[in-house]
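A short write-up of the structure that comes next.
The values are calculated or read from the model by the stated rules, or taken from the named source; none is laboratory data. All of these numbers come straight from a predicted model, not from anything done at the bench. Cβ atoms come from the backbone with ideal geometry, glycine included; neighbour counts cover every protein chain shown.
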């Protein structure tokens with residue numbers, strides 16, 4: 001089984017990913033425990049997307065050990081994919097299918113039985129107050145609803161971990177907060193949430209935050225720890241202080 | 001103050017969706033004006049009408065005194081426009097992009113170099129690099145240089161900071177404020193509420209309507225209810241408790257705090273803290289809080305929703 | 001003018017920097033010509049033929065001899081009159097059966113009708129047609145050499161190209177076809193894709209919001225492709241001449257002028273496609289289905305138009321390459337002058353005007 005602490009759902013040791021001579025991930029080390037909300041921040045091109053792709057089993061690490069839900073992503077990516085959920089910025093709902101058709105499709109991918117699908121579909125529609133829209137096409141729904149539905153589908157098969165890649169980009173502040181209500185709900189059920197965002201106030205909502213700069217982890221800790229360490233009033237300031245250091249190097253690439 | 005942009009009864013429809021729902025406003029010459037709202041608020045449709053790229057379905061608009069429908073050619077000569085996606089040629093170098101956009105407007109980089117010196121100077125060391133290989137922040141600077149190179153009378157920037165990291169965003173706003181100081185009228189749209197404070201005036205937009213329009217300070221001052229910020233060891237439980245609190249009008253997460261609005265009569269020490277203590281939350285810190293644009297936006301949103309519901 | 005030059009310069013940069021575009025522009029013509037030239041020729045070689053000879057006299061022997069020494073056919077076997085021809089064809093190897101009637105030489109001598117039947121496997125109509133034509137050509141030439149007034153019971157339509165292509169070299173037919181295909185591809189597809197790319201990347205939005213006029217944008221995008229396509233046409237003609245020995249019997253100036261006309265026609269079609277498509281993918285799709293396949297199938301390039309059903313023949317009239325191929329064949333292989341191709345030229349000019357008018361009507365000065 002899994003080495004190390006049993007509570008660690010993600011174990012990353014000395015992860016390196018190179019593209020030719022470019023080092024996208026430079027010896028990353030971190031662990032995420034079960035039920036944690038883990039924020040993954042960094043400027044564009046800092047290596048966030050590369051790391052997430054590796055954690056999801058979509059890309060092989062050049063070297064290092066990466067265990068997700070106890071499985072090695074390098075050698076058993078298929079096992080990893082079964083135990084995770086994923087939602088990207090361009091949430092992958094089919095615009096020309098109805099709400100229920102989308103649900104049925106995703107549930108089918110993960111091999112859920114018809115009875116279970118029916119039961120969970122009803123519960124999901126109820127929770128999102130979407131009963132009246134069950135047979136509407138996705139394309140006719142407002143952005144905020146699509147987003148909530150996409151998230152609910154990403155955790156529909158009750159994965160151990162859900163990866164959210166900038167899930168709240170471009171939505172209004174109320175919907176953004178409703179979305180975080182869903183994230184907290186999921187975390188309280190024991191689902192580990194791994195989330196990236198450009199909104200610094202959202203970084204404060206995370207249990208722990210990891211800030212990447214130029215392919216390396218520059219800071220890792222709870223928002224309180226990081227603010228105290230950097231002498232900053234809020235996470236925005238922490239981020240700017242860390243990222244500003246890196247600018248001359250980035251521009252030299 | 002002279003008027004740079006005037007918009008009247010402006011309506012735009014796409015099929016059955018109303019993208020712009022009867023907008024009326026003017027923007028003064030030399031203002032740095034922000035349109036703030038989420039995706040789908042109508043910001044891009046508005047900007048495309050102002051840049052003559054879309055026809056309004058009703059009403060109209062004038063830019064620097066010229067009608068955006070009738071005086072199409074003249075308007076196109078005076079605007080500097082940066083569309084939502086930085087529309088640079090990825091396979092051309094930094095220098096080639098800039099000189100191409102200069103030729104399109106019948107000028108040269110040398111002629112107007114003074115205008116872009118400040119911004120282009122920062123990326124000039126990389127002038128032979130292909131635009132596609134630039135970082136987000138550098139692309140943004142190049143796109144701005146390209147929009148400025150023909151000495152436009154007005155600058156219209158559609159979500160220039162979306163997808164750009166926090167540091168680059170700050171630098172970008174610094175540049176815009178310097179351009180404003182030189183007298184240029186600038187219209188910017190953004191989904192980031194925190195950028196409102198960088199504008200002279202802002203319009204808060206949602207669903208094709210303007211919820212409020214004023215200087216950021218005036219908008220914040222118009223917040224109708226007392227606002228408190230709260231913090232506790234267990235924020236999750238605090239949030240749950242506040243949602244159940246009878247006097248609560250709204251409670252929102254705000255970074256490391258929770259923001260609470262309550263009915264006028266609520267006195268925190270007398271009403272709120274005992275309630276929370278009874279719930280086992282005895283480490284709660286409550287303080288009055290100055291509302292920000294995001295508080296105002298959410299308040300206006302819920303007011304608007306109520307009106308909307310009432311009308312129905 | 002400076003704006004225009006700046007635009008064209010930028011367009012050349014796009015083309016020169018994209019390796020794929022360069023490959024399509026210059027690698028493809030050469031590769032395609034060579035592939036068609038060497039591999040896909042519709043020349044006959046070693047076709048299996050069975051013979052049923054009820055006469056077995058010196059005339060049938062001489063004809064048979066001539067047929068099988070031509071190099072196009074090989075003798076499968078002699079069969080008795082009772083053979084089941086359908087069964088023979090069903091086996092698949094035999095493509096033609098030649099049946100000589102009784103007393104063949106005697107009837108020829110007496111000036112009566114000597115029977116010879118050419119039965120071809122029509123499951124491949126094209127080959128069947130060629131096979132019958134080649135065989136009857138050989139029989140005719142035998143009869144001519146005998147000076148006999150024989151009449152053939154089979155209806156024979158001599159293929160027109162046999163007259164002008166006496167050595168029956170297939171590659172001659174492919175040069176005009178390949179030229180039409182390449183010019184269509186390069187001109188129409190590449191321009192439509194490059195305009196659609198600007199729409200897709202959002203740069204068209206900036207161009208539209210600038211003082212550039214639609215005509216300036218279109219001409220700026222198209223000009224480089226005119227130059228490149230003419231270079232391509234010349235490359236193909238030279239390749240044909242030096243590698244395959246395809247002559248240019250007519251006027252080279254006229255040939256190049258017609259090529260230029262066809263290029264402009266293809267470009268105007270490309271522009272038209274770009275005005276109705278919103279993405280590179282869509283432009284590519286429309287180009288493929290509206291240009292490539294019809295050029296291959298309906299222009300007379302691969303399948304003779306005379307053999308098509310009436311409806312497809314009608315359809316082929318609206319295919320620009322059809323007219324171009326006729327013109328090029330006339331100039332290159334027959335060596336005829338403008339007097340023989342003015343009708344086709346007029347049709348192409350008309351089509352070009354139509355597409356230009358449609359494009360200008362369709363090109364939007366706004367986004368939606």
* Asked: Hey, among the residues in the range B:143-164 that are out of contact with any strand residue (DSSP E or B) (no Cβ under 8 Å at 6 or more places or on another chain) and within 13 Å of chain A (Cβ to nearest Cβ), which one's surrounded by the most Cβ atoms within 10 Å (Cβ to Cβ)?
  -> B:164
* **Where residue C:365 falls short, out of the listed (1) closer than 18 Å to residue C:174 by Cβ; (2) modelled with pLDDT under 80; (3) surrounded by fewer than 19 Cβ atoms within 10 Å (Cβ to Cβ)** => (1)
* To do: May I ask you to list the residues in the range B:224-261 that are in contact with a helix residue (DSSP H, G or I) (Cβ under 9 Å, 6 or more places away or on another chain), surrounded by fewer than 17 Cβ atoms within 10 Å (Cβ to Cβ) and touching a residue at least 40 places away in the same chain (Cβ under 8 Å)?
  => B:224, B:225, B:231
* Here are some conditions: (1) farther than 22 Å from residue A:202 by Cβ; (2) without any contact (Cβ under 8 Å) to a residue 40 or more places away in the chain. Residue A:152 meets all but one. Which one does it not meet? -> (1)
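A quick yes/no check of all residues on (1) under 30 Å from the mean Cα position of the chain (by Cα); (2) part of a loop (DSSP other than H, G, I, E, B); (3) modelled with pLDDT of 90 or more; (4) under 30 Å from residue B:11 (Cα atoms):
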{"residue": "B:196", "(1), (2), (3), (4)": "yes, no, yes, yes"}
{"residue": "B:204", "(1), (2), (3), (4)": "yes, no, yes, yes"}
{"residue": "B:223", "(1), (2), (3), (4)": "yes, yes, yes, yes"}
{"residue": "B:233", "(1), (2), (3), (4)": "no, yes, no, no"}
{"residue": "B:251", "(1), (2), (3), (4)": "yes, no, yes, no"}
{"residue": "B:270", "(1), (2), (3), (4)": "no, no, no, no"}
{"residue": "B:276", "(1), (2), (3), (4)": "no, no, yes, no"}
* Structure fact -> Here the residues within the range A:137-192 that are in contact with a strand residue (DSSP E or B) (Cβ under 6 Å, 6 or more places away or on another chain), away from every other protein chain (no Cβ under 14 Å) and in a helix (DSSP H, G or I) are A:150, A:151, A:154
* Is it true that residue C:339 is away from chain B (no Cβ under 14 Å), at pLDDT below 90 and out of contact with any helix residue (DSSP H, G or I) (no Cβ under 7 Å at 6 or more places or on another chain)? -> yes
* **residue B:123 within 12 Å of chain C (Cβ to nearest Cβ) and either modelled with pLDDT of 90 or more or not in a helix (DSSP H, G or I) (or both)** => no
* **Hits in the range B:64-84 - residues which are in contact (Cβ under 8 Å) with a residue 12 or more places away in the chain, away from chain C (no Cβ under 11 Å) and in contact with a strand residue (DSSP E or B) (Cβ under 7 Å, 6 or more places away or on another chain)** => B:64
* Asked: For the range A:214-237, which residues satisfy the criterion of being more than 10 Å from chain B (Cβ to nearest Cβ) and either closer than 22 Å to residue B:172 by Cα or outside any helix (DSSP H, G or I) (or both)?
  -> A:214, A:215, A:216, A:217, A:218, A:219, A:220, A:221, A:222, A:231, A:232
* Asked: Which residue out of C:223, C:233 is under 20 Å from residue C:301 (Cα atoms), modelled with pLDDT of 85 or more and part of a helix (DSSP H, G or I)?
  -> C:233
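Let's see how each residue does on (1) assigned to a loop (DSSP other than H, G, I, E, B); (2) free of Cβ contacts under 8 Å to residues at least 24 places away in the same chain; (3) in contact with a helix residue (DSSP H, G or I) (Cβ under 9 Å, 6 or more places away or on another chain):
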site: A:66; (1), (2), (3): no, no, yes
site: A:86; (1), (2), (3): no, no, yes
site: A:96; (1), (2), (3): yes, no, yes
site: A:106; (1), (2), (3): no, no, yes
site: A:117; (1), (2), (3): no, yes, yes
site: A:125; (1), (2), (3): no, no, yes
site: A:135; (1), (2), (3): yes, no, yes
* All but one of (1) buried (at least 18 other Cβ atoms within 10 Å of the Cβ); (2) touching a residue at least 60 places away in the same chain (Cβ under 8 Å) hold for residue C:233, so report the exception by its number. => (2)
* Asked: Which pairs have Cβ atoms under 7 Å, sit 6 or more apart or on different chains, and link a residue in the range B:132-151 that is on the phi > 0 side of the Ramachandran plot to one that is not in a loop (DSSP other than H, G, I, E, B)?
  -> B:151/B:115
* To do: Select from the range C:303-336 the residues that are over 17 Å from residue C:352 (Cβ atoms) and not in a helix (DSSP H, G or I) and list them in ascending order.
  => C:303, C:304, C:308, C:309, C:335, C:336
* **Of all residues in the range B:85-97 being under 26 Å from the mean Cα position of the chain (by Cα) and more than 7 Å from chain C (Cβ to nearest Cβ), the one that is nearest to residue B:159 (Cα to Cα)** => B:86
* **Odd one out for residue C:300 among (1) assigned to a helix (DSSP H, G or I); (2) surrounded by 15 or more Cβ atoms within 10 Å (Cβ to Cβ)** => (1)
* How many residues are in contact with a strand residue (DSSP E or B) (Cβ under 6 Å, 6 or more places away or on another chain) and surrounded by 20 or more Cβ atoms within 10 Å (Cβ to Cβ) when one looks only at the range B:194-211? -> 9
* Asked: Out of all the residues in the range C:338-348, which are in a helix (DSSP H, G or I) and surrounded by 14 or more Cβ atoms within 10 Å (Cβ to Cβ)?
  -> C:338, C:340, C:344, C:345, C:347, C:348
* Structure fact -> Of the residues in the range B:98-120, those that are under 13 Å from residue B:152 (Cα atoms), outside any helix (DSSP H, G or I) and more than 8 Å from every other protein chain (Cβ to nearest Cβ) come to B:107, B:112
* **Candidate set from the range C:186-221 (those that are surrounded by fewer than 21 Cβ atoms within 10 Å (Cβ to Cβ) and more than 11 Å from chain B (Cβ to nearest Cβ)); member that is nearest to residue C:292 (Cα to Cα)** => C:219
* Within the range A:55-78, is even one residue modelled with pLDDT of 85 or more, surrounded by 16 or more Cβ atoms within 10 Å (Cβ to Cβ) and under 15 Å from residue A:149 (Cα atoms)? -> no
* Structure fact -> Inside the range B:38-63, the number of residues satisfying the requirement of being part of a loop (DSSP other than H, G, I, E, B), surrounded by fewer than 20 Cβ atoms within 10 Å (Cβ to Cβ) and more than 10 Å from every other protein chain (Cβ to nearest Cβ) is 1
* When you look at residue B:187, is it in contact with a strand residue (DSSP E or B) (Cβ under 7 Å, 6 or more places away or on another chain), part of a helix (DSSP H, G or I) and away from every other protein chain (no Cβ under 13 Å), yes or no? -> no
* Residue by residue through the range A:200-212, note down the ones that are within 10 Å of chain B (Cβ to nearest Cβ) and in contact with a helix residue (DSSP H, G or I) (Cβ under 6 Å, 6 or more places away or on another chain). => A:200, A:203, A:204, A:205
* Asked: Residues in the range A:21-44 that are surrounded by fewer than 19 Cβ atoms within 10 Å (Cβ to Cβ), at positive phi and within 13 Å of chain B (Cβ to nearest Cβ): how many?
  -> 1
